[in-house]
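Novice: The following block contains the structure, expressed as structure tokens.
Quick note: the coordinates plus some simple rules give every number you see, no bench work behind them. What you see is a predicted model, and the numbers here were worked out from it, not measured in a lab. As a convention, Cβ positions derive from the backbone with ideal geometry for all residues, glycine included, and neighbour counts pool all protein chains shown.
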Amino acid sequence: MNESIQKEASRQGNQRLLRVHVVVGITFSLFMYISVFFGIFAIVLPYVSAWEKPSKHYAMPDIRNINYSAMIDPVLDEPDYPMINGVQIRLPGYLGNPSLTISAPFTKRRIFNPNTNEEVKNEGKQSQLAMFLNHMHYGRPLKDFGYWLFGFVAVAGLFLVVGGVVLVLVKKFNDTGKNAQSRFSKWHRKIFTWVFPPFIIITLTGALMNIGWTMSMPMTYVVSKGETFQEWKLTNPVLFPDLPRIEKKNDIVPMLKMNELIKIAQKINPEINFNKIILINWKDSSAQVKLEGYNPYMPFLNGTSNDPSVTLKGIDGTLISQQKVMDKHWSGLIYDSTMFLHKLFGVDTFTRFFVVFIMLISAFALGFGVLLWLEKKAKVFPKDIPVYQGMGKLSLAVMIGVIPATGLLFVLQWILPFDMQDRFLFQKGMFAIFWIGTYTWACYKINSYETAKQFLKIASVFFIISPFIHFYSSGFSPVRLWNENMGNILGVDIGLFIFALILFYVSVKLPNSRDEAQKFWTRIL
Amino acid sequence: MNKYYALYKELSKIENNGRKIGLFRTICSIFGGCFLSYLAMTLLVYILPGTVGESLTVPIVFHTIVWAMCSLWISIALTKWIALMRVFVPSFIFSILLVIFYNL
């Protein structure tokens, strides 16, 4: 008796495992796809944000010969520049940004071109393409609802990854089927078996950033014995400690030149790529300068909360204290190692594109999962009638329709004048209208295969004209971009062009009917 | 008493197959899983060494994945009764431990 119950339990357990994976998967698939799709653009955000702005069209300076003093010291010498609350300086090169910015609370941010040491005017809120793509990645346009929705989607994603791994371990799958359904199933499993470890970490930190911190309120209340609801009040002293308050001596003394200070810091810790300078009590004899950066020799351990730093005296540059990567508290190190793959602060181009590749094939694996479900639904109908299915149409519009809609964003970026009123509103409004429009078109056309090909063709047109519009409107030809060392911007143009060609090739190759589709998928997968 | 026994009988009935999850298991797994993992992570804050500020980060970071795991574990229970027990028994144990740690 007991044995038979155990057998039944394992049989039903396996069935439930599969069933719950399918139900949760299809419910959240489209949101997960949106998150992954825009996440890919968010990974290349440093390049897009340089591409989108005329004010950032200059060469990435060689960090060894930047004259920091020429930009920073005049600003600090201005008699009414407010330094009482500290000054923050971002050095060129951080997250692909070629400019140097100086900011202090309650003042305008000052932005400099390190090649000419001249101040430049930023477009500000007029140009937010990269930011918008990043916001779409985590539901920001829907405000709090979006955060909760995408956070919950991330939890569902974790559920699916864990459940999927268990499924692959306990259930025998048959890979030999000669139809599209079996191929989708095979590649859905195969890809995620390869990429689930990074995927799980990235999803985990995504869930943390969207709902984890917010949900920690009751926990914080309990463990602090009713002291506070806000976890950051307890964790910030460990993760992001405040700078010490230093009593002012109330005198004015000359400070060491910025170039000298950076050189001294570099000598003290040559492993750090410094990207941020914090000035405390500047021009007072108690002045301190804290130089923070990223240590590329210790990936996964620094970059997010752990910024190795060197603190120097402002007058003569004597070392006050320094923090190395491993000096951080262990909770900070764990926090940074989970966040590393998601945030990718300070990593090189190769790592960035490796993560792009992982996420790209994950997007395909997600797509195969949805196709697998749709194939199962369509299987019951005879081959010669087209299947009109609600989820199929919605997936078509969301998953394929988003590509031309995003292409439109890139086209509008350089077609609209930068001084246009409500420029960004118009840009994102057009994006939304186009995306909804693809849903209308998907529902109107009976043959989804044909519609998918059309969407991809429109997308390829959008993506192929956007670099040319960029060349024309910005006045920077590809040759000029190359000659003036703007490889990062030219790279975006080339990337868009190649992406368009791939989309066009795919749109031509994709099948036109259900019958062709079966042959097509069994041939290529 | 008979009414409760009938309810227990109803909940612990083994279904014919596992092709339907049902609302009962769904609610148990989403909310029960969240509750259970939350208690577990709160307990972890006490177990990890260091001050509250030092040990709070890691449980918050890992709460969501523990939630997902608990939900999965609850949702594949053989009967509704087992699903219910998977929520309440560990939650009860964790709650008792939490009360002890809180007053320690």
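Novice: Where in chain B is the longest stretch that carries no trypsin sites (Lys or Arg not before Pro) classed as loop by DSSP and with at most 15 other Cβ atoms within 10 Å?
Specialist: That would be B:21-104.
Novice: Loop-only chymotrypsin sites (Phe, Trp or Tyr not before Pro) in region B:43-78, please: DSSP not H, G, I, E or B, and at most 15 other Cβ atoms within 10 Å.
Specialist: none
Novice: State the answer as a single residue: which of A:439, A:238, A:72 lies farthest towards the positive end of the charge dipole of chain A, with beta carbon charges of +1 for Lys and Arg and -1 for Asp and Glu, about the Cα centre.
Specialist: Of A:439, A:238, A:72, it is A:439.
Novice: I'd like the orientation of helix B:52-75 relative to chain B: the angle between its Cα long axis and the longest Cα principal axis, in ° from 0 to 90, rounded to 10.
Specialist: Tilt relative to chain B: about 10 degrees.
Novice: Tell me, Kirkwood radius of chain A from alpha-carbon pair distances, in Å?
Specialist: By the Kirkwood definition, the hydrodynamic radius is 26.1 Å.
Novice: Please list log₁₀ I(q)/I(0) at q = 0.19, 0.21, 0.29 Å⁻¹ for region A:139-197, using the Debye equation with identical point scatterers on the alpha-carbon positions.
Specialist: Ignoring solvent entirely, the Cα scatterers give -0.76, -0.83, -1.12.
Novice: Also, quick follow-up: At q = 0.18 Å⁻¹, what log₁₀ I(q)/I(0) does region B:22-103 have when each alpha carbon counts as one equal point scatterer in the Debye sum?
Specialist: For region B:22-103 at q = 0.18 Å⁻¹, log10 I(q)/I(0) is -0.72.
Novice: With no solvent and one point per C-alpha, what does the Debye sum give as log10 I(q)/I(0) for region A:448-525 at q = 0.25, 0.26 Å⁻¹?
Specialist: Each listed q maps to, in turn, -1.06, -1.11.
Novice: Compute the angle between helix A:129-138 and the longest alpha-carbon principal axis of chain A, please, reported from 0 to 90 degrees and rounded to the nearest 10.
Specialist: Roughly 60 degrees, rounded to the nearest 10.
Novice: Here is a follow-up. Which whole-Hz ³J(HN,Hα) couplings does region A:449-462 yield from phi under the Karplus relation 6.51 cos²θ - 1.76 cosθ + 1.60, θ = phi - 60°, glycine and proline marked x?
Specialist: After applying 6.51 cos²θ - 1.76 cosθ + 1.60, I find 4, 5, 4, 4, 5, 5, 4, 5, 5, 4, 4, 5, 5, 4 Hz.
Novice: Pick out which of B:83, B:40, B:68 has the largest mean-square fluctuation in a Gaussian network model of chain B, springs linking Cα atoms closer than 10 Å.
Specialist: Judging by the Gaussian network model, the answer is B:68.
Novice: Between the DSSP loop rule and a limit of at most 15 other Cβ atoms within 10 Å, which chymotrypsin sites (Phe, Trp or Tyr not before Pro) in region A:377-437 are left?
Specialist: Here the sparse-neighbourhood loop sites are A:388, A:418.
Novice: Rg and Dmax of region A:225-323, Cα atoms, in Å?
Specialist: 15.7, 49
Novice: Which of the chymotrypsin sites (Phe, Trp or Tyr not before Pro) found in region A:175-232 are in a DSSP loop and have at most 14 neighbouring Cβ atoms, other than their own, within 10 Å?
Specialist: Sites meeting the loop and neighbour criteria: A:229.
Novice: Using only Cα atoms and rounding to the nearest 10 degrees, what angle (0 to 90) does helix B:2-11 make with the longest principal axis of chain B?
Specialist: 80 degrees
Novice: While we're here: Under a point-charge model restricted to the Cβ atoms of Lys and Arg (+1) and Asp and Glu (-1), what is the dipole moment magnitude of the protein assembly as shown relative to its Cα centre, in debye to the nearest 20?
Specialist: For the protein assembly as shown, the charge dipole is close to 2740 debye.
Novice: Could you state the principal axis extents of the C-alpha atoms in region A:377-459, from the largest down, to the nearest angstrom?
Specialist: 57, 19, 16
Novice: May I pose another question? Using the structure shown, select from A:263/A:283; A:233/A:283; A:53/A:428; A:379/B:20; A:56/A:313 the pairs with a Cα to Cα distance greater than 27 angstrom.
Specialist: Over 27 Å Cα-Cα: A:233/A:283; A:56/A:313.
Novice: I would also like to ask the following. Among B:59, B:99, B:23, which residue has its Cα positioned farthest towards the positive end of the charge dipole of chain B, with +1 placed on the Cβ of Lys and Arg, -1 on the Cβ of Asp and Glu, and the dipole taken about the Cα centre?
Specialist: B:23
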